[in-house]
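Report on the structure given below.
The values are calculated or read from the model by the stated rules, or taken from the named source; none is laboratory data. All of these numbers come straight from a predicted model, not from anything done at the bench. Methodologically, a virtual Cβ is constructed for each residue, glycine included, from the backbone with ideal geometry; neighbour enumeration extends over all protein chains shown. Calculation scope for accessible area: heavy atoms of the full protein, side chains included, ligands and nucleic acids excluded. Shrake-Rupley method; radii C 1.70, N 1.55, O 1.52, S 1.80 Å.
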Amino acid sequence: MAQYNETIYASDSWAENYANGELSGITRAASLTSQENFAFTYDNMPYFLYAASESWIRVRYPTTSQYQKKRLVRAQQYVYVTGTSSSSSGSLKSGRFVFGCGDYIGELFEVEVEDSQLAELGDLEKNQYARIGDLNHGNGELSTGVSKGYLEMRPNVWAGCTGSLYTGNRYTAKASMSIQSHTGENRPYVVLTYEDVEPEVDHCAPKSGFVNEKADNVFRWRFWANQTAVAQPVQQAAYQFRWRVTGQSAYQESTVASGEGSHTVPAGTFPENGSIDWCVRGQSDDGVWSDWSDWMTLTTQDSLSKPSGLRPDLGYVDGNLPQPFSWEHVISTGTPQSAYELQYKTAEGEWLELTDGENADTQVEIPQDTLPSGKLFWRVRTANSDGVWGDWSEPASIVVRARPPAPAISGIDPAPRILVCWQAEDQQGYQVRIGEREFAQQYGTEKEWRCPAYLEDGSYLVSVRIQNVFGLWSQWASVQVTIRNRGKGNIYLTSRVIGRETLLSWNAVGDFTGFLIKRDGKAIAETGETTFFDRLCCAKHQYEIIGQEETGHYVSSGIQTEIFSMSGAAVSGWKNGKWIPLQVRREGAPVHRMESTVQAAYQHYYGFRLPRAEIAQAMSRQHQFEFSLPDNRYLPALQALMGQVVIYKDQWNCCLVGVLDEMTVEIQKSSDVAFRITEISWEDEDADEARQGFFSSL
């Protein structure tokens, strides 16, 4: 290790004189004297020294900038001695007085240093330099130091005694020493010895594990230097970084002038799927290089991933809206994913591809109408930085409420009563639309439908949609079709009111398989006869008879208008029952109250704060009536209708069909009755159109 010596002459010096420990004066002269007087009486105890007077000589040395970053390992002080003297009194049983000088380096060191040399005053040669103080701990370095711009040496003259003393005897001692001050010809000086501070690098990272060769990689270390007895801190000024492929002797090296304890290796530098070694050393700003660190080995082969934290999970998803699906890319090396793949399946089905991508995104938006409705499972897997697929995640469970896929129309019979056929998945109901007219919704899995009405000639857009188990509708599937009727023959229709019903009769000329009866454009019955009683008439109506041919074509009778009116109200059985008049109510007008209710379900969906309302198609409607029977002879007939399907009509053109399910009677000469009718969806077993739920023409 290189050492450096420097000689520094005193820049200032003085003597401090003390009496009984208190400063009594400061002397500055060409010659400085240190004097100490001791007196004590031995009293059969260990001796006590009492300093009656003393003085210190203080010498100040300026510091230089030449070796500020070197370690001070030795300080040797030399003073020019001009005189010494000593005297003592008292009888010693044995032993001797020792007179000498001690040394102390202050301001340079944090802790006091023990005397390294003692010399009897009589041993010091006069009028020549003597080495007073040699600070060297033997381990090559001194205590920590810094200066306030100078070094300060204090050669202290002292006196003491050793050996056995007589009890009760008083002993005295005087000692003095004179040296030339900094103003003399022979100034005090100090010889300082320095050596290089050898830096180190430690706390290197990463020491082991994975390094991603596809990304920039930062290697770190700590530059460290022992700052003991160094005037200015030693810092890093440069570093050298080496790396090599494991198992090879050749290496690549970078030398960088920087005080940073890190080095960045650009992406694409290291080989893929292998391993590399690296080491580093630092250079201090004093020009000294540290030793190289040990070689540290890293792998460039990434570990495998297994995603977790899948969202959504255990919740409802609206499949008719875009939905975010997210996950966490879990990998021990902490590298980002390079690709992802999502799959889904039903409870009993096989895994199907959902979506994939080649990026580091851990969230993807699934487009609307992608997932089928029902309970589904989904999972994800990710690829590491090397493009190697990891394990599939644990499946997440969701319930998708989504409209089903649109059906595929497979065939159309373009007769006036058009027949539509289709193919569909997840069907629980269906609806057909022709032009702008939507036909009644039907429930079931059948996939063909015969139009209940005979269509006029022309071009029509025929559309079909289906409904799934959640009550959600698909998009419409549509095709264009041209209808042309080829019916032959004539039908002559007449009508007249008979009591509370309208009688229709007609004369048909042609080959007809049956007749469709329409009221106000809606089919109400189908028959093979040529007469029909309309029990549900309640106002001015327009009637039409459609003659059906075996070919599917038709002939119309044209429109026949009939005016029907009621006097009061009446109730009757559904078919062929007698009408019971209901016209008055005791102590007031008759009462008719109606109450309607519908069912609504509220469902929370993933990603929405408030629920969605799903309103059921079904409706409940009840009617409360209060009348007084004009004659009790009608009471048995009315009571016989309890629990039966009935028809109610009145003068305000109200006509309804329902079950008479509640009745209260106050029996007297003319009884008061209160009853309830709950409306129902009625069917005429002879009217196919009624079963189809279609009551209006196009």
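Being touching a residue at least 60 places away in the same chain (Cβ under 8 Å), among the hydroxyl-bearing types (Ser, Thr, Tyr) and over 22 Å from LEU504 (Cβ atoms) is the filter here; which residues of the range 568-605 pass it? Hit for the range 568-605 is TYR605, nothing else. The single condition among (1) modelled with pLDDT of 65 or more; (2) under 30 Å from THR167 (Cβ atoms); (3) crowded, with 18+ Cβ neighbours inside 10 Å that SER87 does not satisfy is (3). Out of all the residues in the range 595-603, is one or more modelled with pLDDT under 95 and closer than 19 Å to LEU638 by Cα? No; the residues of the range 595-603 include none that is modelled with pLDDT under 95 and closer than 19 Å to LEU638 by Cα. Has the range 629-637 got any residue that is among the hydroxyl-bearing types (Ser, Thr, Tyr) and either open to solvent by less than 40 Å² (accessible area, probe 1.4 Å) or over 27 Å from ARG586 (Cα atoms) (or both)? So far as the range 629-637 goes, no, none of its residues is among the hydroxyl-bearing types (Ser, Thr, Tyr) and either open to solvent by less than 40 Å² (accessible area, probe 1.4 Å) or over 27 Å from ARG586 (Cα atoms) (or both). Quick check: is even one residue across the range 311-324 under 30 Å from ASN384 (Cα atoms), open to solvent by 40 Å² or more (accessible area, probe 1.4 Å) and among the β-branched types (Val, Ile, Thr)? Scanning the range 311-324 turns up no residue that is under 30 Å from ASN384 (Cα atoms), open to solvent by 40 Å² or more (accessible area, probe 1.4 Å) and among the β-branched types (Val, Ile, Thr).
Among the residues of the range 282-301, is any within 30 Å of ASP391 (Cβ to Cβ) and acidic (Asp, Glu)? No, because not a single residue in the range 282-301 is within 30 Å of ASP391 (Cβ to Cβ) and acidic (Asp, Glu). Restricting the range 516-566 to residues that are of a type in the set (Asp, Glu) and part of a strand (DSSP E or B), the residue that is modelled with the lowest pLDDT is GLU526. Tallying residues that are of a type in the set (S, T, N, Q), more than 24 Å from SER53 (Cβ to Cβ) and modelled with pLDDT under 85 within the range 161-186 yields 2. Would you point out which residue out of SER262, SER249, SER303, SER275 is surrounded by fewer than 18 Cβ atoms within 10 Å (Cβ to Cβ), touching a residue at least 40 places away in the same chain (Cβ under 8 Å) and more than 26 Å from LYS69 (Cβ to Cβ)? The conditions single out SER303.
For the range 579-594, residues that are open to solvent by 60 Å² or more (accessible area, probe 1.4 Å) and either among the hydrophobic types (A, V, I, L, M, F, W, C) or at pLDDT 90 or above (or both) total 6. Answer yes or no: is there a residue in the range 187-205 that is part of a strand (DSSP E or B), open to solvent by 50 Å² or more (accessible area, probe 1.4 Å) and at negative phi. Scanning the range 187-205 turns up at least one residue that is part of a strand (DSSP E or B), open to solvent by 50 Å² or more (accessible area, probe 1.4 Å) and at negative phi. Given the condition assigned to a strand (DSSP E or B), open to solvent by less than 50 Å² (accessible area, probe 1.4 Å), under 30 Å from GLN467 (Cα atoms) and in contact with a strand residue (DSSP E or B) (Cβ under 7 Å, 6 or more places away or on another chain), answer yes or no: does some residue in the range 598-609 qualify? Checking the range 598-609: at least one residue is assigned to a strand (DSSP E or B), open to solvent by less than 50 Å² (accessible area, probe 1.4 Å), under 30 Å from GLN467 (Cα atoms) and in contact with a strand residue (DSSP E or B) (Cβ under 7 Å, 6 or more places away or on another chain). Looking across TYR605, TYR648, one residue alone is of a type in the set (Ser, Thr, Tyr) and under 30 Å from PRO324 (Cα atoms). It is TYR605. Residues that are part of a strand (DSSP E or B), open to solvent by 40 Å² or more (accessible area, probe 1.4 Å) and at pLDDT below 95 within the range 666-678 comprise just one, GLU666.
Quick grid of which residues meet (1) in contact with a strand residue (DSSP E or B) (Cβ under 9 Å, 6 or more places away or on another chain); (2) open to solvent by less than 40 Å² (accessible area, probe 1.4 Å); (3) modelled with pLDDT of 85 or more:
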position: SER11; (1), (2), (3): yes, no, yes
position: ASN20; (1), (2), (3): yes, no, no
position: GLY25; (1), (2), (3): yes, yes, yes
position: TYR42; (1), (2), (3): yes, no, no
position: MET45; (1), (2), (3): no, no, no
position: LYS70; (1), (2), (3): yes, yes, yes
position: VAL81; (1), (2), (3): yes, yes, yes
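Is it the case that the range 313-321 has a residue that's within 30 Å of GLY471 (Cβ to Cβ), under 17 Å from the mean Cα position of the chain (by Cα) and at pLDDT below 95?
yes
Within the range 287-299, residues that are under 21 Å from ASN212 (Cα atoms) have Cβ atoms under 6 Å from residues that are open to solvent by 30 Å² or more (accessible area, probe 1.4 Å) and not β-branched (Val, Ile, Thr) in these pairs: MET296/LYS207; THR297/SER275; THR299/PHE210; THR299/SER275, counting only partners at least 6 apart in sequence or on another chain. Restricting the search to strands (runs of 3 or more DSSP E) fully inside the range 338-390 and requiring at least 2 residues that are of a type outside the set (A, V, I, L, M), under 30 Å from THR299 (Cβ atoms) and modelled with pLDDT of 95 or more gives 339-346, 352-357, 374-383. Is it the case that some residue within the range 391-410 is under 30 Å from GLU272 (Cβ atoms), open to solvent by less than 50 Å² (accessible area, probe 1.4 Å) and at pLDDT 90 or above? Within the range 391-410, one or more residues are under 30 Å from GLU272 (Cβ atoms), open to solvent by less than 50 Å² (accessible area, probe 1.4 Å) and at pLDDT 90 or above.
Select from the range 420-437 the residues that are assigned to a loop (DSSP other than H, G, I, E, B) and open to solvent by less than 40 Å² (accessible area, probe 1.4 Å) and list them in ascending order.
The answer is ALA424, GLN427, GLY435.
Going through (1) under 26 Å from GLU549 (Cβ atoms); (2) of a type in the set (A, V, I, L, M, F, W, C); (3) in a strand (DSSP E or B) one by one, ALA440 falls short only on (3).
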